[in-house]
Structure formats: structure tokens, C-alpha cells
Amino acid sequence: MQPLVQSISQYLMTVVTPLIKHPEAAQLRVAHSDTGDMVRFRLVLEQEDVARVIGRNGMTASAIRSMAKAAGEKTGVRVVVHILSKDELQQES
């Protein structure tokens, strides 16, 4: 599963970095399920960058998630991509 995680991580950062104003602040966190059949990617951005990545009516985020999900389906792994701000991440903790 490591090559899959690595390739999806690289894809996410390659697609998102040109869209945002603060690429140096972007963080990608990866969590695996206990059973190994799901990988959760959390893209943590500055608040103003979240809106840029989500896009109008969520179309950009939807396309990003669809591509990541398709890559996972090829290997039988469910892929979930969350896009959130640092503030939202702190509220979850």
C-alpha cells in the first residue's frame, strides 16, 4: 500500500500547490484504517487557501477527490480526501 499512498500524496501536492497562496503552510496528513482497506488524506491549509482549493460549487475539490478515489479503487483501497483549514483541525482536537 505504500506506493499507492506515496503516489496519491504526490498527486495531491502537485495539483494543490499551484492553486494556493501559501504552499509553504500546506500539510498533508495520512491515516490508515486498522484493516488496511482505507486511507484517509487530510489536506490542511490556510483558511483563504481552502476556498481556492474547494472552488466554485465545490467542483475543484470534487475533481481532486475523484482522481484520488479512482487511484485507490485500482488496488482495492478506499481513499478519502478531506480539505480543511488549520482552524478546523484545531477545533477537532
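The values are calculated or read from the model by the stated rules, or taken from the named source; none is laboratory data. Keep in mind that what you see is a predicted model, and the values were worked out from it rather than measured. Glycine gets a Cβ as well: all are built from the backbone with ideal geometry, and neighbour counts include every protein chain shown. The protein model used for the area step is the full one, side chains on, heavy atoms only, and it has no ligands, DNA or RNA in it. Shrake-Rupley method; radii C 1.70, N 1.55, O 1.52, S 1.80 Å.
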| remark: Within the under-15-Å Cβ sphere about residue 4, not counting residue 4, Lys/Arg +1 and Asp/Glu -1 give a net charge of +2
| field | Average accessible surface area per residue within the stretch 1-72, 1.4 Å rolling probe, Å² | value | 59
| What dipole magnitude, in Debye to the nearest 20, does the stretch 1-91 give about its Cα centre under +1 on Lys/Arg Cβ and -1 on Asp/Glu Cβ? | 240
| said: For a Förster distance of 22 Å, can you work out the FRET efficiency between the beta-carbons of residue 15 and residue 74, rounded to the nearest 0.05? | reply: 0.75
| the chain, accessible surface, carbon-and-sulfur percent (1.4 angstrom probe) | 50
| field | Karplus-derived HN-Hα couplings along the stretch 15-31 (A = 6.51, B = -1.76, C = 1.60, θ = phi - 60°), whole Hz, x at Gly and Pro | value | 6, 7, 3, x, 7, 9, 8, 10, x, 5, 8, 5, 10, 10, 10, 10, 10
| Potential extension, residue 59-residue 38 segment - 0.36 nm per residue separation minus Cα distance | 5.2 nm
